[in-house]
Amino acid sequence: MFIFTAKLSKRKLAAAVVATGVLLCAIILLLSFGGGSADAASSSSSASNGKPSAKKIETNEDRVRFLNGYQWQVDEKPLEFEEVLIPVEFDEVLTEYNNMQKAQGFDLSKYKGKRVMRYAYGITNYPNVSENVRATIFIYKNTVIGGDVHSATMDGFMHGLTKP
């Protein structure tokens with residue numbers, strides 16, 4: 001799993017733990033409701049067409065512009081940001097998560113053992129959902145190396161960065 005290192009108050013730490021739990025629940029739900037490789041394969045062919053550049057993402061404005069390139073309207077300030085460690089070995093959940101990343105042109109396995117930054121932004125224009133939807137991106141050396149859109153609720157969802 002990810003190892004988090006950051007200076008946080010107890011309140012922020014508790015919120016991060018809850019958010020991580022919700023994220024893991026969303027991944028489990030995704031796996032249990034057929035988020036399989038057939039869906040991933042069908043979306044991989046369009047992942048490289050017309051997507052924003054993942055390089056030279058240096059500032060908050062660059063991150064917001066990157067997400068806007070996927071047609072997401074996001075809050076200007078990230079809800080969360082922290083340094084995370086990409087594990088050297090992936091368990092079943094991370095392997096499936098990385099399959100989703102590969103389907104959209106990313107591959108977290110190239111960054112095993114590396115420390116990367118994770119940013120989460122609130123999405124304000126998700127179709128038919130008015131709150132608790134987030135876009136998460138992972139950045140290594142000013143390059144987006146992965147990301148997802150997910151609902152921060154127990155009955156939520158998760159998918160790649162492309163708008164459904």
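General observations
- Answer residue from the range 118-152, given it is among the hydroxyl-bearing types (S, T, Y) and open to solvent by 40 Å² or more (accessible area, probe 1.4 Å) and is nearest to G105 (Cα to Cα) among those: Y140
- The set of residues in the range 118-164 being of a type in the set (A, V, I, L, M) and in contact with an Asp or Glu (Cβ under 6 Å, 6 or more places away or on another chain) consists of A120, M158.
- In the range 115-152, residue farthest from D75 (Cα to Cα) [restricted to those that are in a strand (DSSP E or B) and of a type in the set (K, R)]: R115
- Against the conditions (1) surrounded by 13 or more Cβ atoms within 10 Å (Cβ to Cβ); (2) part of a loop (DSSP other than H, G, I, E, B); (3) of a type in the set (D, E, K, R), D155 satisfies every one except (1).
- Checking each residue in the range 90-113 for being of a type outside the set (A, V, I, L, M, F, W, C), part of a helix (DSSP H, G or I), open to solvent by less than 30 Å² (accessible area, probe 1.4 Å) and out of contact with any Phe, Trp or Tyr (no Cβ under 7 Å at 6 or more places or on another chain) picks out Y97, Q101.
- Test: residue in the range 48-58 that is modelled with pLDDT of 95 or more, of a type in the set (A, V, I, L, M, F, W, C) and within 21 Å of D155 (Cβ to Cβ): no
- Whichever residue in the range 125-139 is over 19 Å from S53 (Cβ atoms) and hydroxyl-bearing (S, T, Y) and, among such residues, is modelled with the lowest pLDDT: S130
The values are calculated or read from the model by the stated rules, or taken from the named source; none is laboratory data. These numbers come from a predicted model, not from an experiment. Ideal geometry is used to build each Cβ from the backbone, glycine not excepted, and the neighbour counts take in all protein chains shown. Ligands, DNA and RNA are stripped out before the accessible areas are found, and what is left, the full protein with its side chains, is counted by its heavy atoms. Shrake-Rupley method; radii C 1.70, N 1.55, O 1.52, S 1.80 Å.
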